[in-house]
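For reference, the structure discussed in these notes is given below.
The values are calculated or read from the model by the stated rules, or taken from the named source; none is laboratory data. On a predicted model such as this, the values are computed, not experimentally measured, just so you know. Cβ placement follows ideal geometry from the backbone for every residue including glycine, while neighbour counts extend to all protein chains displayed.
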Amino acid sequence: MRLLEAVKRPLEEAFEAAERANALALGPGLGRGEEARQLVRCLLEETDLPAVVDADGLFGFEPVEREPPTVLTPHSGELARLLEVETAWVDAHRLEAVHRALERFKCVVLLKGSDTIVAAPGARTLISAGTPRLATAGTGDVLTGIIGAFLSKGMEGQLATTTAARVHADAALAAPQARGLIASDVIAALPLVLERA
């Protein structure tokens, strides 16, 4: 896989970068150390930016009271860790697990899986992607980016999340079938899917 663009900055420059941003996408590639956990917490507490938290950003995540939209996008294992239960329990009780996360974190929660569940205060949505193709390394990071992009355009949290989940699933289905799906295939299919929307 060819890396087209990557921007890597020291963690201490995150607040400077946030001053120029319209939304935060926290977690992918961040690391799980104490410095990373503190950075996620401080950015959420000290900025008024909408945020999506995924991957390493969910490691050790604690509830944060904030006004701007906040979205968590765990898979079953990450949600199990957040709720302090077994992954098998989350897999067997997906709706209940999302409900518990919603009560605890009081923000939009998207539980990834073959059927994606999006929950927000007062509403739940089930998105049946119908493809195991998204169970591939990096595709969750793509979803985080799509949600972040929609949040940066001013979309409300639940709408940004459900729209992103649908676009993400459609892009996976629209990607070429010739070989196994990789994250960049989903990215490449996004313009076509967004054009149809």
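Could you check the range 42-64 and list, in sequence order, the residues that are without any contact (Cβ under 8 Å) to a residue 40 or more places away in the chain and surrounded by fewer than 16 Cβ atoms within 10 Å (Cβ to Cβ)? Passing the criteria: C42, E45, E46, D48, E62.
The criterion of being at pLDDT 95 or above, of a type in the set (D, E, K, R) and not in a loop (DSSP other than H, G, I, E, B) holds for D56. Of all residues in the range 1-29, those that are in contact with a Lys or Arg (Cβ under 9 Å, 6 or more places away or on another chain), over 23 Å from L181 (Cα atoms) and modelled with pLDDT under 90 total 2.
For V71, the conditions (1) within 16 Å of G145 (Cβ to Cβ); (2) over 15 Å from the mean Cα position of the chain (by Cα) are fulfilled apart from (2).
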